[in-house]
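First the structure, in the form of C-alpha cells, and then the observations on it.
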Amino acid sequence: KALVAIERAERTKNEEDIKNAKNEIHGAENEIPDKTLKNLKARIQLLEATIAVEKAERTLAEADINEAKVLIELIDKDYYKLEKEKLLDRINAVIETNEARVEEQERIKKATEAVENAEEAVRKESLENIINKINIAIDLIESVNTKSIKTILMDRINRVILAKDAIIAVNKASETIKYFSHSDIATLIVDLEKDIDKAKDTIRNIDSDIKA
C-alpha cells in the first residue's frame, strides 16, 4: 500500500498525494524490512527535492532556492547518490542564473541613472560636464545585455547628444558673430535663432520623456 501511494505521488507530484504517501510509510514502519523502509523514505526525499528544484527553476526566488538546497541535502545518497548530484547541479545552475539576473538589474540601474544625469545636465550644467556625463552614460549602456532596455536608453542618450550638438552650434555662432560685418550679422542671427530653437525643442522633448 505504501509503495502504491509513493508511485502515485511520483506520478502526480501533488502535495496531498505526497502527504498520503508519507502517512502510508509511517503506518507500515513495523510491517516492512528496514532496508525497504529506508528506500521508500529516500524516494519521498528525492521527490520532494525534485519538486523544490523545479519550483526554484521557475521562480528564481531566493527562498525557493534555499528550500531546494535543504531538501537536496536530506536525500539519502546511499540510495540516490547520482540523482542527488544531478539536483545539486540543477540548483547551482539556478543560483548562477539568479546571480546573473541581479548583476544585469544593477547594470540597468546604473545606466538609467547615468542617462538621467546627462538629461539633467543639459538644462543647467557646463558643456564640458554634459559631454562627460554623455560619455559615462554611453559606457554604462554598452554594458547592458537586455536588448530592449539598451535600445530605449540609447534613444534617450541620442536625444541628449542632439541637445549637446545644438548648444555647441549656438556657442560657435555666438563666437563667430564677433568677426563679421553688420550686414552679415543679420543672417547669422537668423541661423543662431534656429539653433537656439532646436536646442530648446530637444530639451523640451527630454523633459517630456522624463515626466512621462
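At-a-glance table
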{"quantity": "Relative compactness, the range 25-167, computed as alpha-carbon Rg over 2.2 N^0.38 Å", "calculated": "1.81"}
{"quantity": "Mean separation of Cα contacts under 8 Å (6+ apart) over length of the range 122-176, as relative contact order %", "calculated": "45"}
{"quantity": "The range 32-75: radius of gyration and largest Cα-Cα distance (Dmax), Å", "calculated": "12.4, 40"}
{"quantity": "Anisotropy class of the range 52-121 from Cα gyration tensor, a/c 1.5 cut", "calculated": "prolate"}
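No lab work stands behind these numbers, since they all come straight from the coordinates. These numbers were taken from a predicted model, which means no experiment stands behind them.
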